[in-house]
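The values are calculated or read from the model by the stated rules, or taken from the named source; none is laboratory data. What you see is a predicted model; the values in this text were computed from it and never measured. Every residue, glycine as well, gets a Cβ built from its backbone with ideal geometry; the counts of neighbours run over all protein chains shown.
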Amino acid sequence: MNNDYLKQTGRIFDIQRFSVHDGPGVRTIVFLKGCFLRCKWCCNPESQRYDIETMTVGGKEKVMGRDVTVEEVMEIVEKDRIYYRRSGGGLTLSGGECLAQPDFAAAILKACHERGINTAIESTGFAPFEKVEMLLPNLDLYLMDIKHTNSEKHKAYTTQPNELILENARKIANSAKELIIRVPVIPGFNDTEDEIRDIAKFTKSLQTVKELHLLPYHRLGEVKYEGLDRDYGMKNAELISAEHIEKLKQVVEVTGLVCKIGG
């Protein structure tokens, strides 16, 4: 067996073990550097640029980003194999956007599948579909963001239009083993019943997709912008009430989709 792919290098900024979000069971999340979008609410601004950066954390400078091989990543992922087996968990690639490093991402997914480890990615789907296709053979679960159905508003809040994302969602729905749509619910951007209803209707049209997850807006990443000396684009946004999120959940469920809050 040719294991040269284990020497493939990529750039990450964190590995988080024992997560119970971002896919089923107990998971190890590998955060990749680089993203094509610049969402105003992004909670991982240190992921956006592929460059290795310095961020002030707790008054001390911390280097964000390091180059690793697939083999080095797998040494950490393998440590929790017993927990994956007991819980149905595994590895999740996050970021950033793993489609910004498709060769590296595909190699990690391949390494996991050869070891019988469940795989998932969190992805915007904003890339040529041939990049997406590189990941699908060894991918068990695609967690895909659909942020808005209106391209103009999508671009105003993320810097990119949404036509490619929606087009890829249709293709991924027909090609992936499992696709779940996730919607970050952002005040002033997509938090109305009409906007969520439009996303739910689009999701329902994908036919193979059964679940939509609502991810309520939070400010956990705000301090990171200060540490990177960047402006936080949602500085004056108010949190969305639990009652309103519950109303949006009901809007989704009317379409026949399973709707979860968080995840």
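Before we move on, is VAL252 part of a helix (DSSP H, G or I) and either among the basic types (Lys, Arg) or surrounded by 12 or more Cβ atoms within 10 Å (Cβ to Cβ) (or both)?
yes
Those residues that are in a helix (DSSP H, G or I), under 20 Å from the mean Cα position of the chain (by Cα) and of a type outside the set (Ser, Thr, Tyr), I need them from the stretch 208-248; list them, please. Don't jump to the end; show me each part of the working.
The first filter runs over the stretch 208-248 and keeps only residues in a helix (DSSP H, G or I), leaving 222-227, 242-248.
With under 20 Å from the mean Cα position of the chain (by Cα) added as a condition, the list becomes 222, 224-225.
Those that are in a helix (DSSP H, G or I), under 20 Å from the mean Cα position of the chain (by Cα) and of a type outside the set (Ser, Thr, Tyr): GLU222, LYS224.
With surrounded by 14 or more Cβ atoms within 10 Å (Cβ to Cβ), more than 16 Å from the chain's Cα centre (by Cα) and closer than 23 Å to HIS21 by Cβ as the only criterion, which of ALA169, ALA173 stands out? Spell out how you get there, then give the answer.
On the way: ALA169 fails: more than 16 Å from the chain's Cα centre (by Cα).
Testing whether each residue is surrounded by 14 or more Cβ atoms within 10 Å (Cβ to Cβ), more than 16 Å from the chain's Cα centre (by Cα) and closer than 23 Å to HIS21 by Cβ leaves just ALA173.
What residue, of THR208, THR124, THR159, is surrounded by fewer than 21 Cβ atoms within 10 Å (Cβ to Cβ), within 19 Å of CYS39 (Cα to Cα) and at pLDDT 95 or above? Walk me through it before giving the result.
Working: THR208 fails: within 19 Å of CYS39 (Cα to Cα); THR124 fails: surrounded by fewer than 21 Cβ atoms within 10 Å (Cβ to Cβ).
So the residue among THR208, THR124, THR159 that is surrounded by fewer than 21 Cβ atoms within 10 Å (Cβ to Cβ), within 19 Å of CYS39 (Cα to Cα) and at pLDDT 95 or above is THR159.
Is the stretch 81-99 home to any residue that is among the basic types (Lys, Arg), surrounded by 15 or more Cβ atoms within 10 Å (Cβ to Cβ) and either within 18 Å of the chain's Cα centre (by Cα) or closer than 21 Å to LEU179 by Cβ (or both)?
No.
Are there any strands (runs of 3 or more DSSP E) wholly within the stretch 50-101 with 1 or more residues that are among the β-branched types (Val, Ile, Thr) and in contact (Cβ under 8 Å) with a residue 40 or more places away in the chain, and if so which?
Numbers: elements: 53-57, 60-64, 66-69, 90-94.
Qualifying strands (runs of 3 or more DSSP E): 53-57, 66-69, 90-94.
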